[in-house]
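Novice: Got a structure here, written out as structure tokens. Questions coming.
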Amino acid sequence: MTLKPRDITRTLRILYPQVDLTTRAAGPGEFTVTMPAVSARGMGIGRDNGYAADWISRNLGERVHIAAVEFPPRRSDRYGPRAVITLRPGPARRPR
């Protein structure tokens, strides 16, 4: 299966069906998800990225890992502060 932004969006909507979120391809094999910070923190992003990536992977049917997380202070909209999450296919690399 070739991973597409809509697949990630569809998976995140299982947990947050009403949340304003977007997923974009950010380069080869890299995806950027923008969603409300409160929703991201609710699923453990920024606190336990491994758990959040496992949940996404299990419901997506393809292994992904969270490569980066940002909570930009000036990035907000009518839903409040936003989180910017970078996802990449495959398992997270373990430090040696």
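Novice: I'm trying to understand the selection: among the residues of region 74-89, which are modelled with pLDDT of 95 or more and among the polar types (S, T, N, Q)?
Specialist: THR86 - this is the single residue of region 74-89 that is modelled with pLDDT of 95 or more and among the polar types (S, T, N, Q).
Novice: Would you check if there is a residue in region 3-26 being buried (at least 19 other Cβ atoms within 10 Å of the Cβ), part of a strand (DSSP E or B) and not β-branched (Val, Ile, Thr)?
Specialist: no
Novice: Which is in contact with a Ser or Thr (Cβ under 7 Å, 6 or more places away or on another chain) and at pLDDT below 95, of LEU3, LEU21, LEU15?
Specialist: LEU21
Novice: Counting only residues that are closer than 11 Å to ARG82 by Cα and not β-branched (Val, Ile, Thr), which one in region 27-46 is surrounded by the fewest Cβ atoms within 10 Å (Cβ to Cβ)?
Specialist: ARG41
Novice: Quick check on my filter: what residues within region 29-81 are under 20 Å from ARG6 (Cβ atoms) and part of a strand (DSSP E or B)?
Specialist: Of everything in region 29-81, those that are under 20 Å from ARG6 (Cβ atoms) and part of a strand (DSSP E or B) turn out to be GLU30, PHE31, THR32, VAL33, THR34, MET35, PRO36, VAL64, HIS65, ILE66, ALA67.
The values are calculated or read from the model by the stated rules, or taken from the named source; none is laboratory data. No experiment lies behind these values; they were computed from the predicted model shown. Positions of Cβ are backbone-derived with ideal geometry, glycine not excepted, and every protein chain shown enters the neighbour counts.
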